[in-house]
C-alpha cells in the first residue's frame, strides 16, 4: 500500500475476548501484523469497562471489535462505551469496527454492529467488518479489512476538489457583502449551481437563483 501522507498511521486496537490466546486474540494479532506491514504503527489493548482511555488521544485510528455472545457484543467493550470515558475520548476520532460471530452477515450488520455504532455518532467510520468463524484465521479476509481502513484513512488527507468555479465578477460581488451574509449567499449559490448542473458561478447565476423557488 502506498501512502499519500509522510506520517505513518498510528492505530490502536481495542478489543475484548473471554479466552486468552483464542481465535479473537489471533484475529487481533493478524490485524495488527497486516497494519504494521502496511507501514502503520500499531498497539492493542484489551478493554475493561471502567478503564481510563485517555491514551487513545495519541492515535489517529481506533479499531474496535469483539466476539458476540448470546446476541450481545462482548460486555467489556460495550461496557467501556457506557461506563468509562471511552466515548468521550473517541470524539471526532477515525474508527473502524468489527464483530466476530457465527450468525449470517445480514443479521450481524443490522443487529450486532449497531450496538457499537450507536456510540459513534461523532466519528468517521473508516470500515466495518463481520468476521465469520472460518474468516478469523484467513489472511485474505483480514487483508480486505485492513486495506479498507488504510484507503479510507488516506482519503482524510485529500482535499475535496470542487468542480465549481467563480467568475471574477461574482467573486467581487461576494467580497463586497458583509462576511456573515456572504457566507450564506456562497453556500446557497453553490447548492443551487450543483442542483442545476452549473459549473461557473456568475452574476447571472445569482440573478437566476434569486428568482428561483429557493429565492434569496
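Yes/no per residue for (1) more than 17 Å from the chain's Cα centre (by Cα); (2) farther than 22 Å from residue 11 by Cα:
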site: 60; (1), (2): no, no
site: 64; (1), (2): no, no
site: 77; (1), (2): yes, no
site: 89; (1), (2): no, no
site: 103; (1), (2): yes, yes
site: 116; (1), (2): no, no
site: 123; (1), (2): no, no
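Each row is one residue, and each column tells you yes or no for (1) crowded, with 20+ Cβ neighbours inside 10 Å; (2) in the same structural domain as residue 147 (by TED's automatic domain parsing); (3) in contact (Cβ under 8 Å) with a residue 40 or more places away in the chain.
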| site | (1), (2), (3) |
| --- | --- |
| 20 | no, yes, no |
| 26 | no, yes, yes |
| 30 | no, yes, yes |
| 36 | no, yes, no |
| 75 | no, yes, yes |
| 85 | no, yes, no |
| 97 | yes, yes, no |
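Based on this model, can you work out whether residue 111 counts as surrounded by 13 or more Cβ atoms within 10 Å (Cβ to Cβ), within 30 Å of residue 65 (Cβ to Cβ) and modelled with pLDDT under 90? Taking the combined requirement at face value, the residue satisfies it. The single condition among (1) touching a residue at least 12 places away in the same chain (Cβ under 8 Å); (2) surrounded by fewer than 16 Cβ atoms within 10 Å (Cβ to Cβ); (3) out of contact with any strand residue (DSSP E or B) (no Cβ under 8 Å at 6 or more places or on another chain) that residue 190 does not satisfy is (3).
Checking each residue in the range 129-143 for being surrounded by 15 or more Cβ atoms within 10 Å (Cβ to Cβ) and either out of contact with any strand residue (DSSP E or B) (no Cβ under 7 Å at 6 or more places or on another chain) or under 21 Å from residue 69 (Cα atoms) (or both) picks out 129, 130, 131, 132, 135, 136, 142, 143. Candidates 35, 27, 14: the one that is under 27 Å from residue 83 (Cα atoms) and either at pLDDT below 90 or in a helix (DSSP H, G or I) (or both) is 27. Residue check: residue 41 meets all listed conditions (1) surrounded by 21 or more Cβ atoms within 10 Å (Cβ to Cβ); (2) over 23 Å from residue 132 (Cα atoms) but one, namely (1).
The values are calculated or read from the model by the stated rules, or taken from the named source; none is laboratory data. Not measured: the values here are computed from a predicted model. Note: ideal-geometry Cβ built from the backbone for every residue, glycine included; neighbour counts use all protein chains shown.
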